[in-house]
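Have a look at the structure below, then the notes.
Nothing in this text is a laboratory measurement; each read-out follows from the coordinates by a stated rule. Quantities reported herein were computed from a predicted structural model and do not represent experimental measurements. When we count neighbours, we look across all protein chains shown, and the Cβ atoms used for this are built from the backbone with ideal geometry, even at glycine.
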Amino acid sequence: MKPILFQLGTYSLHTFGLMVGLGFLLGLWAASRNALRSGLNPQLPYDLSPWLILGGLIGARAMYVISYWDRDFAGQPWTDIVAIWQGGLVFYGGLIGGTAAGIFRVIQLRLPLWRVADVLAPGVALGHVFGRMGCLLNGCCYGRPTALPWGITYPHGHVTFPSTASTAIAVHPAPIYESLLNLGFFLLLTAIHRRRRFDGQVFGVYLIGYALIRSFCELFRGDYSVVSDPLHGTLTPGQWTSLFTGILGIALLAWRRSVSDGRVVSAK
């Protein structure tokens, strides 16, 4: 855990912000490669990036503030609301905000919406790899207690190692789980993109696949007031959102396949 990478006078470089920024850059790089393969301008993802980044950050922060208003923001200075460099972003909020901003801009430019969505989707998974590592270094999104040998401990003062305790509680490395699964998912989506049969296929698979990844990883999260127990009908907010996201992905795939009329998308 290292929330601040280094300090230079009054300036602090927050590790979480650095990792999120790195994730954005690598995601755009992956999207640029996919754009070239799809017959689009490889510069397109970079041209869209201000919209995607701004929409993603606003959506991610807004959902976090709404979700944790009573715990983190009520009675605090209003400037805390915009202090995203300290952490506090909800991925699904970022996905909604970035998607909405991207759709608006793509339609405005009269570009093929679903082809562009397919180009961007693998890069989202790659960027998420680094975002979750930022969570690990920031100390957020921590896991539930575990006795497994790969359990990790956080430094003194973390919620899992209170100042009154003499030993830290070993917890699941939940951010690492999600980072590794997203890395594998990025490779899978990249392979699917090369063999896709209709526009919208990769984006639909992304929605379904990430919903499954997130639902699984939520089983090990310890930072919620609700403990995941799907067998008894108890779901975390992330799992409820994943349920709707997965259904949306299935519906999107069915619709896009039906309107493709069996036409195969050529890949270069």
| query | Using a simple charge model, +1 on the beta-carbon of Lys and Arg, -1 on the beta-carbon of Asp and Glu, nothing else, what dipole does the chain show about its Cα centre, in debye to the nearest 20? | reply | 1080 debye
| said: Angle check, please: helix 201-218 long axis (alpha carbons) against the longest principal axis of the chain (alpha carbons), in degrees 0 to 90, nearest 10. | reply: 20 degrees
| message | Quick one: 3J(HN,Hα) in Hz for segment 227-242, Karplus 6.51/-1.76/1.60 with θ = phi - 60°, rounded, Gly and Pro as x. | response | 8, 5, 8, x, 5, 10, x, 9, 10, 7, x, x, 6, 5, 5, 5
| query | Given only helices, namely DSSP H runs of n ≥ 4 each adding -39500 (n - 2.57), what is the per-residue ellipticity at 222 nm of the chain, to the nearest 500 deg cm²/dmol? | reply | -20000 deg cm²/dmol
| remark: Out of Val20, Pro173, Ile107 - ranked by how far each Cα lies towards the positive end of the dipole of the chain, with unit charges on the beta-carbon of charged residues - the top one is Ile107
| query | Given Gln201, Ala60, Ala251, which one lies farthest toward the positive end of the charge dipole of segment 4-260, if we put +1 on the Cβ of every Lys and Arg and -1 on the Cβ of every Asp and Glu? | reply | Gln201
| task | Report, to the nearest 10°, how far helix 91-108 tilts away from the longest principal axis of the Cα atoms in the chain, using its own Cα long axis and a range of 0 to 90°. | result | 30 degrees
| query | Direction-averaged shadow area of the convex hull around the Cα atoms of segment 4-260, nm²? | reply | 16.2 nm²
| query | Angle, helix 174-194 long axis vs. longest principal axis of the chain, Cα atoms, 0 to 90°, nearest 10? | reply | 10 degrees
| note | About its Cα centre, segment 39-137 carries a charge dipole, from +1 on Lys and Arg Cβ atoms and -1 on Asp and Glu Cβ atoms, whose size in debye to the nearest 20 is 220 debye
| field | Charge dipole magnitude, Cβ of K and R +1, D and E -1 - segment 94-248, Cα centre, debye nearest 20 | value | 600 debye
